[in-house]
Amino acid sequence: MNKVILVTGANSGIGLALCERLLSVDTEGLQLCLACRNMRRAEAARSALLTSHPKAQVALLQVDTSSISSVISAAQEVKKRYDRLDYLYLNAGIMPNPQFDVNAFLKGLFSRNVITMFATGEGILTQQDGVTPDDLQEVFMTNLFGHFLFVRELESMLCRAGRTSQLVWTSSSNAHRSAFSLEDIQHKKGTQPYSSSKYASDLLSLALNTHYNKQGLYSSVICPGFVMTNLTYNILPSFPAFLWTLFTPIFWLIRMFTNTFTLTPYNGAEALFWLFKQKPESLDPYAKYHSLTSGLGNNYTQPRKMDIDLETSESLYEKLLQLEREVRKKLKDEQKESPP
């Protein structure tokens, strides 16, 4: 049986790099599904993959993780197409265009925290979140809750007797406990919605292992390192492209002193690709698997303990289940009210 692999946010960046790397080692033994919001970009990604791997099985699935109805419809389509799902890479995500503190940036350039500042944006970025048509915070919905609903909808496919399935979350070094609050899981009141959503995904991964390992479903978390992708460029939307080009040699120089500057999507996908080759039972549910690149350009994966605890992860899980019940009830009520 071919392994079925679904990757959200697969049309560019780290998601697309992962797909390329997977097909490079096993072109015909995989059924790859690119789950994307923008189907024009998804078609272009599929064409690029088939150009380099003509015999590959690459399908497309439209899903917008910021939309409850889109997530549920996409999950129903997955269940129609496939009778198994071996790997689910929860990679799609957004970072809202942030407010950039120029003074903090210039000060940070000449401080001992310059590497951390570039790698995480800590101290120089605050973000303005939006609200979805479902009346949920946009970053929370897109990065976390949409994926949670997707997993819940696909539970019957992911939990099958006699075999294992893997969930892999693309987290971030920007996932800070200080940005997250159990009293405000959607981060309505804060200024770091991206950091909050990524820390929440770290917590949720642990809770999913607690509840699903006995059913053969395992969850892991990765950090791609500092990668130059569209998400990175959007950090400074008014920043001229040529200035990013000027910074590139500086980033390469910094990489001689830190292994977290992976820089390219191919390097950033290292931990995602590494997890594909591991037995899920052997993985540490408290570890975040980091993509790292040496100064000489060698890629490797390293586990690092996450700043999470079981009690907080369970509390978040219960709150997400409660929110799931609420949105499903709302959806059901709306369907009753709409004319046939």
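The values are calculated or read from the model by the stated rules, or taken from the named source; none is laboratory data. Note that the coordinates shown come from a computational prediction; the quantities given were computed from them, not determined experimentally. Because the Cβ atoms are built from the backbone with ideal geometry, glycine has one as well, and the counts that use them run over all protein chains shown. The area values use the complete protein model at the heavy-atom level, side chains included, leaving out ligands, DNA and RNA. Shrake-Rupley method; radii C 1.70, N 1.55, O 1.52, S 1.80 Å.
Please find, within segment 62-87, the residue that is most open to solvent (accessible area, probe 1.4 Å) out of those that are outside any helix (DSSP H, G or I), touching an Asp or Glu at 6+ places or on another chain (Cβ under 9 Å) and closer than 15 Å to C33 by Cβ. If you could, list the steps in order and put the result at the bottom.
Keep residues of segment 62-87 that are outside any helix (DSSP H, G or I), which gives 62-67, 82-87.
Adding the requirement that they be touching an Asp or Glu at 6+ places or on another chain (Cβ under 9 Å) leaves 62-63, 66-67.
Retained after the next criterion (residues that are closer than 15 Å to C33 by Cβ): 62-63.
Values: Q62: 113, V63: 8 Å².
Applying the filter and picking the extreme gives Q62.
Scanning segment 44-68 for residues that are charged (D, E, K, R) and touching a strand residue (DSSP E or B) at 6+ places or on another chain (Cβ under 7 Å) yields one hit, R46. Restricting attention to segment 30-59, the residues that are closer than 25 Å to L154 by Cα and either among the aliphatic types (A, V, I, L, M) or open to solvent by less than 20 Å² (accessible area, probe 1.4 Å) (or both) total 12.
Filtering segment 133-173 to residues that are open to solvent by 20 Å² or more (accessible area, probe 1.4 Å) and within 20 Å of the chain's Cα centre (by Cα) leaves Q137, E138, R152, E153, E155, S173.
Residue under question is Y212, and the condition is that it be open to solvent by 50 Å² or more (accessible area, probe 1.4 Å) and either modelled with pLDDT under 95 or in contact with a Phe, Trp or Tyr (Cβ under 8 Å, 6 or more places away or on another chain) (or both); does it hold? Write out each step before concluding.
Details: open to solvent by 50 Å² or more (accessible area, probe 1.4 Å): no; either modelled with pLDDT under 95 or in contact with a Phe, Trp or Tyr (Cβ under 8 Å, 6 or more places away or on another chain) (or both): yes.
The answer is no for Y212.
Looking across segment 45-86 at every residue that is over 21 Å from the mean Cα position of the chain (by Cα) and of a type in the set (G, A, S), the one that is farthest from K332 (Cα to Cα) is identified as S52. Taken over segment 1-14, the criterion of being touching a Ser or Thr at 6+ places or on another chain (Cβ under 7 Å) and either among the β-branched types (V, I, T) or open to solvent by less than 20 Å² (accessible area, probe 1.4 Å) (or both) is satisfied by T8, I14.
When L292, L320 are screened for being of a type in the set (A, V, I, L, M, F, W, C) and either modelled with pLDDT of 95 or more or open to solvent by 90 Å² or more (accessible area, probe 1.4 Å) (or both), only L320 passes. Would a scan of segment 183-195 turn up a residue that is β-branched (V, I, T) and either touching a Cys at 6+ places or on another chain (Cβ under 7 Å) or part of a loop (DSSP other than H, G, I, E, B) (or both)? Yes.
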